[in-house]
Every structure is written in structure tokens, then in C-alpha cells.
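Dropping the structure in here first, questions after.
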Amino acid sequence: MDSQIRISDLENVISEKVFIKIEKWNLYLGDAGLARHLAIECISNKDQGPLEAAKLSLKAINVKVGDGVNSIPLIKLITNSQILELEEILESFFKN
């Protein structure tokens, strides 16, 4: 399968299912503009297995806050249940 199609397919799933949690507010990664970057990272870490790929990828992405001078690793903005959701997405995606 074409790598751009695979990235786009994974990006679409991540966009709709994975979110940043701030207090009681959920910001989906598609709305935050982070889904494609995460999809690319996950695919590049595919050889590590789904859970490790998820964690490594979330740690690798820094989210700019405020005026962009400061950033926070994406993994610090994601709940444990969302990490497991990403792992499940990657498990099914990597099987194809």
C-alpha cells in the first residue's frame, strides 16, 4: 500500500479518536493539528510494537503552548486511557 495513503488513513483514525485532556475539556488531535505528525511518528516507530510505538511517538512530539515559546511533550497531555486507545489503533493498523 502507498505510504502516503497509510499515513493519511492512520491520521484520520487518530484525528477522530485520540484527544488531549485539559481539565474536563477534550481537544481531539485532528482539531489540534497534531494527528498527522503523530501518525508519521507512530509509523516510524512501528518496529517497537504498538504500545512502545505509541509511547515513543507521544514523547517525541512537543506541543507549543501560549505564544509558542514553551512546549510540552504530547504524552503529558494524554491520559493513560488515550495511550491505550492509541495502542489499540496501532495494533489494528499494523496488522494490515
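Using 0.36 nm per residue, how much length does the chain from Leu27 to Ser71 gain when fully extended, once their Cα-Cα distance is taken away?
Values: separation 44, 0.36 × 44 = 15.84 nm, distance 1.65 nm.
In short, 14.2 nm is gained.
Is there a quick way to get the dipole size of region 1-95? I mean about its Cα centre, with the Cβ of Lys and Arg at +1 and of Asp and Glu at -1; what is the value in debye to the nearest 20?
In total the dipole reaches around 240 debye.
If I require 18 Å or longer along the helix axis, counting alpha carbons, and a Kyte-Doolittle average no lower than 0.0, what helices from the chain are left? Use full DSSP H segments.
Numbers: long enough: 3-17 (21 Å, -0.45); 80-95 (23 Å, -0.03).
Helix filter hits for the chain: none.
Something else: Using the heavy atoms of the protein chains and a 1.4 angstrom probe, tell me the accessible area per residue for the chain in square angstrom.
The answer is 61 Å² per residue.
Continuing with this model, one more query. Sum up the lysine pairs in the chain that clear both bars: alpha-carbon distance under 13 Å and a spacing of 8 or more or different chains.
6
If you don't mind, there's one more thing I want to ask. Using a/c under 1.5 as the rounded threshold, could you call region 1-83 rounded, prolate or oblate? The axes a ≥ b ≥ c are square roots of the C-alpha gyration tensor eigenvalues, and prolate needs a/b larger than b/c, oblate otherwise. List each step's numbers first, then the result.
Values: a/c = 1.63, a/b = 1.52, b/c = 1.07.
It comes out prolate by the Cα gyration axes.
To continue, here is another question. How many percent of the accessible area of the chain is carbon or sulfur, using a 1.4 Å probe?
Reported share for carbon and sulfur atoms: 48 percent.
Looking at Phe94, Ile75, Gly30, which one has the Cα that reaches farthest to the positive end of the dipole of the chain (charges on Cβ: Lys, Arg +1; Asp, Glu -1)?
Towards the positive end, the residue furthest out is Ile75.
If you don't mind, another one. Rank by packing, highest mean first: peptides 55-65, 31-41, with packing defined as the count of other Cβ atoms within 10 Å averaged across residues.
31-41, 55-65
So what is the relative contact order for region 1-95, in percent, with contacts set as C-alpha pairs under 8 Å and at least six apart? Mind dumping the intermediate values first?
Values: 115 pairs, mean separation 25.4, N = 95.
Here the relative contact order equals 27 percent.
The values are calculated or read from the model by the stated rules, or taken from the named source; none is laboratory data. This structure is a prediction, so every number in the text was calculated from the model and none was measured. Cβ: placed from backbone, ideal geometry, glycine included. Neighbour counts: every protein chain shown. With ligands, DNA and RNA removed, areas are computed over all heavy atoms of the protein, side chains included. Shrake-Rupley method; radii C 1.70, N 1.55, O 1.52, S 1.80 Å.
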